[in-house]
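Quick notes on the structure that follows.
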Amino acid sequence: MKEPLKVPFILILILVCATFVLALLGIFGTWGIADSSSRAFGWSYIMQKLPRSLFDVMIPAVVLSIVLIGFRLAARPFSRFLGLLIVLVISYAALVNGMIGFRSLSASVRPAPGVPAQYVRPATFVRIGGVVLNAAAVNGTELRGVLVFDPARPAPRFDVYGVARASVQAGSLKLSTASGLSLTGAPDLAWTNVFAADPITGAFLRDVATVTTDYQTLLARSRAQFFAACFSLVLLCTASLALLRITRWPLVNIMILIIAVRGYFSLYHLLAVQLAPKVSGIITDAMVARLFPSGVLAALGVILLLIDVLFIPADRWKEPDAT
């Protein structure tokens, strides 16, 4: 089978694998941070969280797939125009239909309510604000043998309660007793450090979450803006495959591409939040002002395409060193 006929099937396979692998990793991280104390990591948990997780990873999955297929296009070059067109069409269709479909699917899944056992383990201390809490037993919304230690109080700094009622609202634990105790706050869970991302990965995940939120807002507000934003991002990432051939050293090219793609996750939010309001004050056409972030990304993509066609050899990886 000729290479142009193989690439679409390979790209689709990479897209499917990348999407589900990233979604499962996201589900596992959510379980470890929020639900590991109260719910088993099984099929029921995965199926409940899967639609939303698939939506959350669509953008990084599509971008990762473009980068991975770019390695094959660089190693086995054929018509650059045809290769870029294949990647652009398939990636754009996957991003648009994936985000629309998974958003609708996730809206139909009812999330499980939070329970106190997610945050309070028997015979384990948990910090809520400046107070440390311990319970001997947890049964539904009832805590028994509750010890509350407040280091800010004068001695004695602790109180013991036979029974307390607990509830979870928006990630905060609310605790009350018949004697008048009332505590509300987000628990500081010690075991979540095992699943917490390192600073570099955490910053990357934060930017991915931000751009996903931006695209979700566009999807709910304006389909035209959403389609334009998806196309401009896919065009820019596809055109950036030229960076894989920018020098004679493949490893250097890969690092340059990774750095560039990493910056794209922050670029759209920067343009939409900080620069677009200023542009709207200059440009009277409201639609042009709203499409400004997508237009900038698309313009950068066109510039990279021109650089690729005019200055970068198609078979750079196979070109022998000059001696």
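Values quoted throughout were computed directly from the atomic coordinates according to the rules given, and no laboratory measurement underlies them. It should be emphasised that the depicted structure is a prediction, and the values quoted were computed from it without experimental measurement. Note: ideal-geometry Cβ built from the backbone for every residue, glycine included; neighbour counts use all protein chains shown.
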Tell me, what ³J(HN,Hα) does each residue in region 72-89 have, in order and in whole Hz, if you take phi through Karplus 6.51 cos²θ - 1.76 cosθ + 1.60 with θ = phi - 60° and put x for Gly and Pro?
5, 5, 6, 7, 10, x, 9, 3, 4, 5, 5, x, 5, 5, 4, 5, 5, 5
Run the helix sum for the chain: -39,500 (n - 2.57) per DSSP H stretch of 4+ residues, divided by residue count, reported at 222 nm to the nearest 500 deg cm²/dmol.
-19000 deg cm²/dmol
Please work out the Cα convex hull volume for the chain and give it in Å³ per residue.
200 Å³
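Rounded, prolate or oblate: which fits region 161-248 when a ≥ b ≥ c are the square roots of the eigenvalues of the alpha-carbon gyration tensor, with rounded for a/c under 1.5 and prolate only if a/b beats b/c?
Here region 161-248 falls in the oblate category.
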How do 118-126, 146-154 rank on mean C-beta neighbours within 10 Å, highest first?
118-126, 146-154
Selection of chymotrypsin sites (Phe, Trp or Tyr not before Pro), region 12-93, meeting DSSP coil and at most 16 other Cβ within 10 Å:
Phe41, Phe78
Modelled label-to-label distance, Arg39 and Ala137, 7 Å Cα→beta-carbon offset: nm?
2.6 nm
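Once a ≥ b ≥ c are taken as the square roots of the eigenvalues of the Cα gyration tensor of region 1-144, is the result rounded (a/c under 1.5), prolate (a/b larger than b/c) or oblate (a/b not larger than b/c)?
On the way: a/c = 3.97, a/b = 3.04, b/c = 1.31.
It is prolate, given that a/c is not under 1.5 and a/b is the larger ratio.
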Give me the Å³ per residue figure for the convex hull around the C-alpha atoms of region 120-188.
81 Å³
At 7 Å along the Cα-to-beta-carbon direction for both Ile12 and Ser280, put a label point, then send me their distance in nm to one decimal.
4.0 nm
Would you compute, for the Cα atoms of region 208-266, the largest minus smallest coordinate along each principal axis and list the three values in descending order, in whole Å?
45, 19, 9
